[in-house]
Every structure is written in C-alpha cells, then in structure tokens.
Amino acid sequence: MAARPSKTGVRAAHGNARNGGRLTVLERLPMDELPKPPASPPDTVPSQRDAAGRFLPGNSTARMAKVRAGKSGALSLLECKADPAWLALNRWGRRYASNRIAELSDQFGALSSGVCGMVVTAGNGLADSAYLRARGAELGDPKLIVAAASLAKDARQAERDAYALAALEASTKPQRSARERLEASMAKNREPLL
C-alpha cells in the first residue's frame, strides 16, 4: 500500500524556535508544497440508474430495502436465534405493551407514537428484566439479578413517563362531549349507504 502524502513536515528549527533552543519544528506544509495524491482508480462499477435517472431492477438500494426492522426484518432474524425462554418472555413483553397501550388509549384517547414507543420500551424492559432475573437465579449470579432489578426500575420509569406524556397530550386536546363521542363512534361504525 502506497504511503499517503503527509500534510506535516519536520524541519530544522528556525527563527524564534531556534532561538528558544529547539532543534526541529513540526510544520504544516503549505497547500502548494503538498505532494500530489495518487490518481483515483477508474469507476469499474456499472451505473445502477437508467438514462432518466431511475433505479434499474436489482440495484443495491432495492436490496437494502429488504432489511427491515419489522416482524420479518433483520432484528427478527437475530431474535429467532435467541434462547427459547427469552423468546417467550419477549412475546409476553409485546403483549403487555399492546394491552397497556389499549388501556392508556381508553383513558386518554388517541396516543402519540412517542407515548406508544415508551410503553413498548417498558414492555421490552420488563421482559428482559424477568429473563435476567430467572437466568441469575438459575446460575446463582447476583450480578444478573442486580441488572434485572435495574432494568425493571427503568421499565417502570418509562411507563411513568408514558403515562405523564399521555396525560399532558390529552390535556391539550379539545374535550368532546359524550354526545360528540357517541356520534363519532356511530359514524365510524356506520354501514355505507347504497
């Protein structure tokens, strides 16, 4: 591998540096004294776009889109290799979060994605905490049990934050009367007229 051109140089001390007793100085080279960098190699990768600038079929960007974070994405591919006990607790954590979101929605109305994200974080934290606690008990490792307690504390805090944010968001929304809520519910469930 060729050496990269250096932007600094060591030179014999001159001026105030030499008068101060230094033998050498480290200086940045001026731009006009920098050595020329090696030429970049020619582009050997064919373009992945057509003449109009649209992506061609099978381009690398389209392949990257197939790695998603959802149920069939990259994270689920990693999670399917996990311990079966953790998988069961992870499903429990998701169910817990889903039920808790429904409870908060009943209490405060429509929830923001921020509130729902905090509840999902709390559910994941509780599931991970239960797994670490059980694993610590199985192995007799007090460090795992302490980590589980810390995760459970963080999960409770995330749920408290979600509740507080849901209450704050609900207080800023205009309040609808019971009649308005009933009419909206009936309109949403109404059969279309033919």
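All of the numbers you see were taken from the coordinates with simple rules; none came from a lab. Since the model is a prediction, treat every value here as computed from it, not as a measurement. Reconstructed Cβ throughout: ideal geometry from the backbone, glycine too, with neighbour counts over all protein chains shown.
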Checking rank on 91-98, 80-87, with mean other Cβ inside 10 Å and highest first, the result is 91-98, 80-87
Applying a 10 Å radius around every beta-carbon, put 16-24, 135-143 in order of their mean neighbour count, most first. 135-143, 16-24
For region 111-124, take each phi angle, set θ = phi - 60°, evaluate the Karplus expression 6.51 cos²θ - 1.76 cosθ + 1.60, and give the result in whole Hz per residue in order, putting x for glycine and proline. 10, 6, 5, x, 5, 4, x, 5, 5, 5, 4, 5, x, 5
How much of the pair distance distribution for region 104-194 lies past 21 Å, counting alpha-carbon pairs only, in percent? 53
Amide hydrogen neighbours beyond the local backbone of L29, cut-off 5 Å, H modeled: T8, G9
With θ set to phi - 60° and the Karplus curve 6.51 cos²θ - 1.76 cosθ + 1.60, what are the ³J(HN,Hα) couplings of region 175-189 in order, to the nearest whole Hz, using x for Gly and Pro? 7, 9, 6, 4, 5, 5, 5, 5, 5, 5, 5, 5, 5, 5, 9
Take each of the peptides 152-165, 169-182, average the number of other beta-carbon atoms within 10 Å over its residues, and list them starting from the highest. 152-165, 169-182
